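Please read the structure below before turning to the comments.
Readers should treat all values here as calculations from the given coordinates under stated rules, not as data from a laboratory. Since the model is a prediction, treat every value here as computed from it, not as a measurement. Counting neighbours? That spans all protein chains shown, and the Cβs are built from the backbone with ideal geometry, glycine included.
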Amino acid sequence: MAKNYASIYANPTDSSALEQAFYLKEETTSGTIIPVIGTDFLFTLAGGSIEFGQAIESSPHRSGRHNNNTIKKKKELSWSLSTYFNINTALGAASSAEIDTPARLLHKSMFGNENISAGAVYNTSTTPSITFSVFEVGDKWSRQARGCFVDSSTLNFPGDGEATAEWSGMGVESIMIGIGKSVTANAANVITLATGEGKRMKVGGLVMVIKANGTTRSTDTPSGSPRTITVVSGDLITVSGAVLTDSDGSVTPVYLCYYEPTGKTGIDNPVTGLIGTATIVGLPYQCIRSAVIACTNSHELVNYCFGEDSAGGSIFVPASRFNAEWTIEMNLNADVVGFFNDLLSFTAQDITLVLGEAAGRRLEVVSPKVIFTVPTFSLPDTGSIPVSFVGTGYQTALDAADELTLSYI
């Protein structure tokens, strides 16, 4: 059923969290927001968010015992998303279409190098450099963020739950846009909203005009071609582009809304971990209770440029080492005792984890050189004895950049 923005506008109830949807699109120019399309939609789990703010502090000017004014600080933006591993297992041959375009974008931003010649393969042989726009769309509102990048990702493969990926990062700025109603003959590039509703708009936000029925888009703002708000003067909203020709609200009202594309679509096929393998070369088969890979870039945020109130310049600098930390939990047994003693010699371990059918479309995660620290463990009152092994992935040779490879094949 098509989303009806007129009904949403007229509904007096508060917003519902269930309406949250995320769209991600790579930016052509870093830090410049770019319109999303329907295939930029990403299935996410609950809890995703964009956190944006600008701190203030009381002015240190002498003003007696009373606060008199404020000093603004830099704008700060962080975001986080949680996803399943949605893989199109119906494909006959390996293809980049195994995962959604925004999922590919997250992987490329996190790991740097993408090879889509046969599937979608990611490693750290290329330094991350891209940024993307994030559109978080609700019912009565939307947050539009620009200059975003992935700084860390945690890949979770539990034995008693669903495999998930947690993505988080930073960005430049987020803009909140709502819905306003217009009953005037809007001329030139100015749309007049009902009294007080101009506050629902923000300069820089991407918007569209919706006709009185709540679903039809004005030919001034077809899907994929929103307008950008350039001026907000009270309830008078000036938008970019050509002169408006199909936004007259004087006979029947029109609605100025946050931009959202049509044709929302995505791969809804979570590969959860009920089928898969996890192997460590030289160690006989083990029941892996869980495997977690915590990946961090620790990029330097360029939020220190004079004359700019938010991150600027290149937005981020890949100024730290990439780190992939494995945590594997197994039960203590005779073979694991041998593995445990191997760690005393700091012997590197070769790990392969497969999510999905071994002969079908799947995710393979490979770390050929993981060096674990010697773990400590305690015994429970009853039952098996779980031991958590924590180690770091290393490249196998200078400039090999193969400490972690993710392959959707």
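Table for the structure above
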quantity: Cα-derived Rg to Rh of segment 267-352, Kirkwood definition; calculated: 1.20
quantity: ³J(HN,Hα), Karplus 6.51/-1.76/1.60, whole Hz, each residue of segment 148-161, x for Gly, Pro; calculated: 8, 8, 8, 10, 8, 8, 10, 9, 10, 10, x, x, 10, x
quantity: Equivalent ellipsoid dimensions for the chain as semi-axes, Å, which come from the Cα gyration tensor, largest first; calculated: 47, 26, 19
quantity: Size of segment 179-258 as Cα extents on the principal axes (Å, biggest first); calculated: 26, 25, 20
quantity: Cα-Cα pairs of segment 1-155 separated by more than 25 Å (percent); calculated: 45 percent
quantity: Phi-based couplings in Hz for segment 88-97 (Karplus 6.51, -1.76, 1.60; Gly and Pro marked x); calculated: 7, 7, 7, 5, x, 10, 4, 7, 5, 6
quantity: ³J(HN,Hα), Karplus 6.51/-1.76/1.60, whole Hz, each residue of segment 348-357, x for Gly, Pro; calculated: 6, 10, 9, 10, 10, 10, 10, 10, x, 5
quantity: Segments 202-214, 260-272 sorted - mean Cβ within 10 Å per residue, highest first; calculated: 202-214, 260-272
quantity: Ellipticity estimate at 222 nm from DSSP helix runs (n ≥ 4, -39,500 (n - 2.57)) divided over the chain, nearest 500; calculated: -2000 deg cm²/dmol
quantity: For segment 84-199, the spread of Cα positions along each principal axis, largest first, Å; calculated: 56, 31, 29
quantity: Per-residue Cβ neighbour rank within 10 angstrom, fewest leading, Arg361, Arg65, Arg289; calculated: Arg65, Arg289, Arg361
quantity: Local electrostatic count, Ser16, Cβ distance below 10 Å [Lys/Arg +1, Asp/Glu -1]; calculated: -2
quantity: Size of segment 153-293 as Cα extents on the principal axes (Å, biggest first); calculated: 76, 30, 25
quantity: Largest-first ellipsoid semi-axes for segment 276-408, taking √(5λ) over the Cα gyration tensor eigenvalues, angstrom; calculated: 35, 18, 15
quantity: Amide proton proximity set for Lys75, modelled H, under 5 Å, gap of 5+; calculated: Ser310
quantity: Asp160-Phe346 pseudo-label distance in nm [points 7 Å out on the Cα-to-Cβ vector]; calculated: 3.5 nm
